[in-house]
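Here is the structure we will look at.
Every number here is computed from the coordinates shown, using simple stated rules; none is lab data. Bear in mind that the values here come from a model prediction, so they are computed numbers and not experimental data. Glycine also receives a Cβ, built like all others from the backbone with ideal geometry; neighbour counts cover every protein chain displayed.
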Amino acid sequence: MSRLRVLFCDDERPLQEIMRAELTRLGHEATVFGEGRLALKALEKDHFDAAILDLRMPGMTGIELLEHLKRVAPDTEAVVMTGHASMETAIEAVRLGAFDYITKPAKMAEIEAILGKIAEKRDLKNANLALQTRLQAVEGPNILVGESPAMRAVHRLIATVAPTDTTVLINGETGTGKELAARTLWMQSRRAAKPFVPVNCGALSENLVESELFGHKKGSFTNALLDHKGLFEVAGGGTLFLDELGELNKSIQVKLLRFLESGEVRRVGETSPFRADVRVLCATNRDLRQMVQDDDFREDFYFRINTFELRMPALRERREDIVPLAGHLLNRAAGRPAGVPCQPLSAGTIDLLLNHSWPGNVRELANAMEYAHILSGGGEILPEHFPQGVRNPSGSLSLRAHPVESTPRTLEQIEMDHILRALDRNGGSKSAAAAELDISLKTMYNKLKVYGDKDRRAG
């Protein structure tokens, strides 16, 4: 087990000595106190990974100490100890933010197991921070690139709304960087130290979307074998980003509207709601106003999420950003740190980049730069290094070759060929292809999955 700095607080002197010895034996650094006020002073001055607190102590109770701990040392995981007669108090402690509780007389094996979970959580958090640091070194800052008038307006709006808790609706064509705009909002907000949880609403199963967002209680439906934390709980204190918002059905829209108005969430199978401190950001490439008129989207929900609207411009509207953005994306494809000069772009390449219409926007440009980097072998980027769909936009860029066959094809094969060609025309964007074909994004995902499964079996 990883070494932890553990604070132990209990007014029973024999138990203090036992815990001091046992925690040290397990390899931890133990600091022991007999009353809450001394423990609180230590928490204010020093860092502890875990604090084990008795609930029944003279003077400051364990609950009072826990409440103070959550304010002065929010990263310290609290474990409360209680007798069987105080189980309701222990459950209340967990609701206040305790990591877990132990009933007296405590077994050392149980304490060891809980400390092991705390160590795993801490090590995972540190590993994630290290990974983010390495990614920053490779990809550069996770920021919106562009100094065009359209992008300067976006930056100004983000700087204005980020410090608030206002719900933001981000509009824009597919591939324009709506999720990156949401991440930028989060990074400039007071919630930047808390989670950012992105959700692709179009990829959620219609039968499980409520459970995924709000959680469920064990036994609330078939296969609900355990209690399940919803994404609102996962994002606690942070930001929940609902992408492809137009794909949610009206029943889920009602529940989201209830949260936005009350701040309360109710798990599937439970009767009592709980409060969730979460900021909600939304994004869509669909015309929600038109969907409201067509009765495909709730009007009250639309007006509630549209408190502050942010539109991401298409790449063709910000052509002065194309070349610097291409250099940034080329560096990312090559794995170069931010600030390092990118591979040189020939004059012909710059003309090609500026003259292409980029229907797939920044996503299409990113794919094109990665493709060109691979073909260039690290040298100067030439026009011939780009995909045919960029060099010859009027031609057909195929994701898969479909030769003319002498034998008749099934209706399913013809349908899939039609879907793949729509994906080709839209730069690989599933949402844009689904809109062109007038099918839902869920239908698109399901058909591609069926096609992929059959293709693998055939191979």
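At a glance:
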| item | result |
| --- | --- |
| Ratio Rg/Rh [Cα only; Rh per Kirkwood] for region 174-235 | 1.09 |
| Helix 36-45 vs. the chain, principal-axis angle (Cα, 0 to 90°, nearest 10) | 40 |
| Per residue, the convex hull volume that the Cα atoms of region 278-330 enclose (Å³) | 132 |
| Region 5-122: C-alpha gyration tensor shape, a/c 1.5 cut-off, then a/b vs b/c | rounded |
| Eligible lysines near residue 255 by straight Cα distance, threshold 23 Å, same-chain separation 8 or greater | 217, 218, 229, 442 |
| Rounded to 5, the percent of DSSP beta bridges in the chain classed as antiparallel | 10 |
| Mean shadow area of region 13-62, taken as a quarter of the surface of its Cα convex hull (nm²) | 3.5 |
| Square roots of five times the Cα gyration tensor eigenvalues for region 191-347, Å | 37, 21, 14 |
| Whole-number percent relative contact order across the chain, with pairs defined as alpha carbons under 8 Å at least 6 apart | 12 |
| Reachable lysines, given that their alpha-carbon falls under 23 Å from the alpha-carbon of residue 107 and they are not under 8 places away in the same chain | 117, 121 |
| Whole-number percent relative contact order across region 316-391, with pairs defined as alpha carbons under 8 Å at least 6 apart | 35 |
| Cubic angstrom per residue, convex hull over Cα atoms of region 316-391 | 80 |
| Whole-number Å³ per residue for the convex hull built on Cα positions in the chain | 206 |
| Rounded FRET efficiency, nearest 0.05, which uses the C-beta distance separating residue 2 from residue 357 and R0 of 35 Å | 0.05 |
| Cα gyration tensor category, rounded, prolate or oblate, for region 85-124 with a/c compared to 1.5 | oblate |
| Distance cut-off 16 Å, percentage of C-alpha pairs in region 33-96 lying past it | 37 |
| Of all DSSP beta bridges in region 185-278, antiparallel share, percent nearest 5 | 40 |
| Considering only region 144-313, percent of DSSP beta bridges that pair antiparallel, nearest 5 | 20 |
| Nearest 10 degrees, 0 to 90: helix 250-262 Cα axis against the chain principal axis | 50 |
| Neighbour-count order for 9, 342, fewest beta carbons within 10 angstrom listed first | 342, 9 |
| Within the chain, helix-based [θ] at 222 nm, where runs of 4 or more DSSP H residues each add -39,500 (n - 2.57), nearest 500 | -14500 deg cm²/dmol |
| Filter on 41/70; 41/194; 70/125 - keep pairs with C-alpha separation over 22 Å | 41/194 |
| Label zone at residue 220 (point 7 Å along Cα-to-Cβ), backbone N below 16 Å, region 247-284 | 251-259, 264-276 |
| 17 Å reach of a label modelled at residue 35, 7 Å along Cα-to-Cβ, counting backbone N of region 57-74 | 57-66 |
| Over region 144-313, relative contact order from alpha-carbon pairs under 8 Å, at least 6 apart, % | 33 |
